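Below is one structure. I have some questions about it.
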Amino acid sequence: MATEKLKSAFRLFDEANANDPNVEVWQGKEYPKELLYAMRMTEKLKTFDPEAPESLQLTARCQHIRRWEIPRESYEMNRTGYLKWRQDLKKFHAEKASAILREVGYDQEMIDKVAFLLEKKQLKKNAETQTLEDVICLVFLEFYFEPFSHKYPEEKLIDILQKTWRKMSKKGHDAALKLPLSKESLELVGKALKG
């Protein structure tokens, strides 16, 4: 059962993401890219973990909050630049989300918990961090891997799939194998798992 605070936080997260100048078309309708991503994260969390605690529901909804403000191109286009970008994004998302959570009246304990999850701390050790990572990977595989796969050679795609798989739990793996993937994507997953 969603609390009033949770609904208010979702509304403000969505208002923040509705400003995304990048647009994605889904089922014939245009959406601001990060708003659509946030909605997909919430839906996937509901099916993957229907009993998810409030901290996880909040984190899933604000995972990419205002992400376009720190573009990948503003960092060196190499591994070091990529890792620096990812680290800076985690801090940025935590700051933006914390301000909204404070505004709707969450206590410091909840704010700290969401920031902890947004920074992906204790992956494989913390159950909530792991659930969040599973949901992120499932959303990536279901909605973003296919368009992504047209841009890169097979070798790179297999490497990405193997890295994604390593981040996931057994429950995440089981859910991933049930996703409605295309024949081509399923073949790549099969090759990645054999490798």
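The values are calculated or read from the model by the stated rules, or taken from the named source; none is laboratory data. Remember, it's a predicted structure, so these values are computed and weren't measured experimentally. Cβ sites come from the backbone with ideal geometry, for glycine too, and all protein chains shown count toward neighbours. All accessible areas refer to the heavy atoms of the entire protein, side chains included, with ligands and DNA or RNA removed. Shrake-Rupley method; radii C 1.70, N 1.55, O 1.52, S 1.80 Å.
Between Glu30 and Gln87, what length comes free when the chain is fully extended (0.36 nm per residue of separation minus the Cα-Cα distance, one decimal in nm)?
Contour length minus the Cα-Cα distance gives 17.5 nm.
For the chain, what is the largest minus smallest coordinate of the Cα atoms on each principal axis, given in angstrom and ordered from greatest to least?
So the extents along the principal axes, rounded to whole Å, are 48, 37, 36.
Let me check against my output: what whole-number percent is the relative contact order of the chain, with C-alpha pairs under 8 Å and at least 6 apart?
In percent, rounded to a whole number, it is 18.
Between Trp68 and Leu193, what length in nm is gained on full extension when 0.36 nm per residue of separation is reduced by their alpha carbon distance?
Working it through step by step, the gained length comes to 41.7 nm.
Run the numbers on region 71-133 and let me know its relative contact order in percent, using alpha-carbon pairs under 8 Å that are six or more apart.
Across region 71-133, relative contact order equals 22 percent.
Oh, and also: Working out 0.36 nm times the residue gap between Tyr144 and Gln122, then minus their Cα-Cα distance, what length gain in nm do you get to one decimal?
Contour length minus the Cα-Cα distance gives 5.4 nm.
Here's something else I'd like to know. Using θ = phi - 60° and the Karplus relation 6.51 cos²θ - 1.76 cosθ + 1.60, list the HN-Hα couplings for region 13-26 in order, rounded to whole Hz, with x at every Gly or Pro.
Working through the residues one at a time gives 4, 5, 4, 5, 6, 5, 7, 4, x, 7, 10, 10, 9, 9 Hz.
In what sequence, largest accessible area first, do Arg166, Arg86, Arg72 appear using a 1.4 Å probe?
Arg166, Arg86, Arg72
What FRET efficiency do you get for Asn78 and Val23 if R0 is 35 Å and r is their Cβ-Cβ distance, rounded to the nearest 0.05?
For R0 = 35 Å, the calculated efficiency reads 0.75.
For the chain, which whole-number percentage of the solvent-accessible area (1.4 Å probe, protein heavy atoms only) is attributable to carbon and sulfur atoms?
Ligands and nucleic acids excluded, carbon and sulfur reach 54 percent.
Then there's this: Mind listing the long-range amide H neighbours of Tyr75? Cut-off is under 5 Å, sequence gap 5 or more, other chains count too, H placed in the peptide plane at 1.01 Å from N.
Result for Tyr75 returns nothing.
Counting only other residues whose beta carbon sits under 11 Å from that of Val23, what net charge do I get with K and R as +1, D and E as -1?
-2
Further question: Find the relative contact order for region 123-195 and round it to a whole percent, using C-alpha pairs within less than 8 Å whose residues are 6+ positions apart.
43 percent
Right, another one. Write down the accessible area per residue of the chain in Å², having rolled a 1.4 Å probe over the full set of protein chains.
56 Å²
Evaluate the charge dipole of region 1-132 about its Cα centre and quote only its size in Debye, nearest 20, assuming +1 on the Cβ of each Lys and Arg and -1 on the Cβ of each Asp and Glu.
440 debye
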